[in-house]
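Notes for the one structure printed next.
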Amino acid sequence: MSQVSELKGATRYIPLVVEALRAMEGAGKASAVRSWIAERLTTEGIEIPNTVLGSGESKFTNDIRWARMYLVNAGLLETRQASKYGFWKLTPMGWEAPLDADTVQQIYEASAKKGKAAATDDQDAPVDSTEQTALVGIDSWDSDLQKILIKRPDKGFERLCAYIMAQSGVEATVTGKSGDGGVDGEGLLPIGGFDLVKIRVAWQCKRYADGSIPPKEIRDFRGAIHGRAEYGIFFATTVFSQSAMAEAQRSGAIQIQLVDLKGLIAMMGKEGIGVIADANDPTLRTVDHELFDEYLNPKGHAPSGQGEIFKPPQAPQP
């Protein structure tokens, strides 16, 4: 890291992406690369920034995606078509290239000169500021899903979260009224077989356009569910501050599971909630807009102020 300490913006992650993939024997999932880089930075005592872009994605994640794009354009990483969605792979050049500051600058310039017209992986080079836009054109389904989650009304987001909880086995109820202490939904979660043991869970849904959620929001939500639920879940369309994450897992208090925008998108992609996998290639996905028309723009459902129940999916009959 010291060799490229003078690099700024997304370029600082170029050597780290290559190092991560070399450590993974040349290929790995995008999420694994991000985790490797985050662990490396933490080990070196470098704080991971909490800055959130206008799109709702963390700048840290987006910078790494830009670094990947630079490496693709310079020929050090395989294109999406060659390596498939969400899977990053070094080319022979990527294995051999030095990672000094001069080489990194050359890698960046290979993209800066191409602009938008050369290939599907190309984008204009981003500026190093909080106004940086999210990189599009690589992970199309999750970019599409991200826009849907951020732009829909609060009530639609609450209904979607209840639907997700129902898919996990909870008979979920949307509280459906204001002044309910910050609790947007609640239900019973079965533990183990036969549904003999259930714990009461409650959740809150915050549709933020930007910024990070502070610990006060977690404390307020915990206070709202005290005596009402044994476990809490906090859904958000942004990120949580480091102090909020620490507060959520504070020893001796009701534990709060935090689900940020990135985690929510990953969960929906994995479970096929609002996302349809290609029959011939499960790694290729598209957004199921019909589901969002139903669950984010409800018609003919319980009016505001009344609870609405979402039942878990029925097991197939033998």
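The values are calculated or read from the model by the stated rules, or taken from the named source; none is laboratory data. Given the structure is predicted, the values throughout are model-derived calculations rather than measurements. Reconstructed Cβ throughout: ideal geometry from the backbone, glycine too, with neighbour counts over all protein chains shown. Just so you know, the surface numbers come from the protein's heavy atoms only, side chains and all, with ligands and any DNA or RNA stripped out. Shrake-Rupley method; radii C 1.70, N 1.55, O 1.52, S 1.80 Å.
In the stretch 5-25, the qualifying residues are those that are modelled with pLDDT under 90 and open to solvent by less than 10 Å² (accessible area, probe 1.4 Å), and the one that is nearest to ILE64 (Cα to Cα) is ALA10. The single condition among (1) part of a loop (DSSP other than H, G, I, E, B); (2) closer than 23 Å to ARG159 by Cβ; (3) charged (D, E, K, R) that ARG250 does not meet is (2). Do we have any residue at all in the stretch 255-269 that's in a loop (DSSP other than H, G, I, E, B), in contact with a helix residue (DSSP H, G or I) (Cβ under 9 Å, 6 or more places away or on another chain), at pLDDT 80 or above and surrounded by fewer than 19 Cβ atoms within 10 Å (Cβ to Cβ)? Checked against the condition, which is being in a loop (DSSP other than H, G, I, E, B), in contact with a helix residue (DSSP H, G or I) (Cβ under 9 Å, 6 or more places away or on another chain), at pLDDT 80 or above and surrounded by fewer than 19 Cβ atoms within 10 Å (Cβ to Cβ), the stretch 255-269 yields at least one hit. Apart from one condition, GLN306 fits all of (1) of a type in the set (S, T, N, Q); (2) at pLDDT 80 or above; (3) within 18 Å of ALA162 (Cα to Cα); the exception is (2).
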